[in-house]
Amino acid sequence: MSLMDRIRDCQNNNQMSLLPFFVDGNVIGHISQGFSRILAYFSDIFIVQAEQVLLARDLIGYVHRSSAIAEALQVMRNDGVIPGWRDELYPVGTAFNKPPLFEIERAAVPLFGVPGYGVHLNGWLKKNGCTYMWIAQRSMNKATGPGKLDQMVGGGQPVGMSLRGNLLKECYEEANIPDAIAARAKSVGTVSYRTFREEGLRNDILFNFDLEVPIDFEPRNNDGEVASFVLWEIQDVMQRLSETEDFKFNSALVIIDFLVRHGFIDADDPDYFEVVTGLHI
């Protein structure tokens, strides 16, 4: 195994077998043949054709679209089509910085293959001349990646919140980081990927942050989503990433991005170019 295996885990995307999902003439997602057959039962909302799926043209405006889609999704939820329901709404549009076309339950996002967004924070520190990173182990009750290793803080980007506001919220909920410390987090870029998972097509952009925490700080979970935290020297983090599949697939990318930016993966590494380019779609 190697770090490239973590990159490849996020590149198993073959859209040839998917139907493009159109809203207002824009492709905003990709839908499997199986799920399209379910959508066909809601013909007043979704127009399912041989080569595409369209949102009904008489559904105009954010509120109207969101309400109609929500009704269909509730039926599917009751029928067991959408597991891991979160009661958390995600914005859906043509781009992150454009007004959303509608909102959708988070658990349904991969079924439509629409972009999902999140914030991830690497909590790190310097001690005795070495770099250390706080690693979280996800609760076994999590809908995705139960028990997997993760960033100190990470969460999806819901409707109606700024990225920074969401990060501060997640910092408190997941690691009990005081606002005064969390506010020091530095925005350091993104990673992006399209990959087939059990839940569907993950078509995600993660906004990454680095936070150098005080040497005496110890994270403590407040929302039940983290089972434990451990502080590892960065070489141990790299070894665990390279030799196991213990990290949640997208969290691995966020750490690899940290390793590149902080010089732990050198430009002379034979995989350097593939690693760097593999962090973005």
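Can you list the trypsin sites (Lys or Arg not before Pro) in the range 220-281 that are in a DSSP coil and have 16 or fewer other beta carbons within 10 angstrom? Present the calculation step by step, with values, prior to reporting the outcome.
Values: sites: R220, R240, K248, R261; in loops: R220, K248.
Here the sparse-neighbourhood loop sites are R220.
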Cα centroid separation, the range 223-276 to the range 80-154 (Å): 17 Å
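Over the chain, with the other protein chains present, what is the accessible area per residue in square angstrom, probe 1.4 angstrom? Before the final figure, lay out each step's value.
Details: 13230 Å² over 281 residues.
It amounts to 47 Å² per residue over the chain.
Give me the percent of the accessible area of the range 21-79 that comes from carbon and sulfur atoms, probe 1.4 Å, all protein chains in place. It would help to have the intermediate numbers written out before the result.
Numbers: 1670 of 3280 Å².
The nonpolar share, carbon plus sulfur, comes to 51 percent.
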A56 versus A40: modelled label distance in nm, points set 7 Å from Cα along the beta carbon direction: 1.8 nm
Inter-label distance for S192 and A143, nm, one decimal - labels placed 7 Å from Cα along Cα-to-Cβ: 2.4 nm
Table column - 3J(HN,Hα) (Hz), the range 51-64, Karplus curve with 6.51, -1.76, 1.60, x for Gly and Pro: 10, 6, 10, 10, 7, 3, 5, 7, 8, 10, x, 4, 5, 4
Label-to-label distance, nm, for residues given as D216 and E245 (7 Å Cα→Cβ offset): 4.3 nm
Matching label, Rg and Dmax of the Cα atoms in Å computed from the structure shown, candidates (1) 25.1, 94; (2) 20.9, 68; (3) 19.7, 64: (3)
With every protein chain in place, the range 162-281: carbon and sulfur % of accessible area (1.4 Å): 47 percent
Under-5 Å amide H pairs with W85, H placed in peptide plane, nonlocal only: none
Spatially near lysine pairs across the chain, Cα under 21 Å, sequence gap of 8 or more or different chains: 6
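The values are calculated or read from the model by the stated rules, or taken from the named source; none is laboratory data. As the structure is a computational prediction, the values presented were derived from the model and not from experiment. Note: ideal-geometry Cβ built from the backbone for every residue, glycine included; neighbour counts use all protein chains shown. Heavy atoms of the whole protein, side chains included, go into the accessibility calculation; ligands, DNA and RNA do not. Shrake-Rupley method; radii C 1.70, N 1.55, O 1.52, S 1.80 Å.
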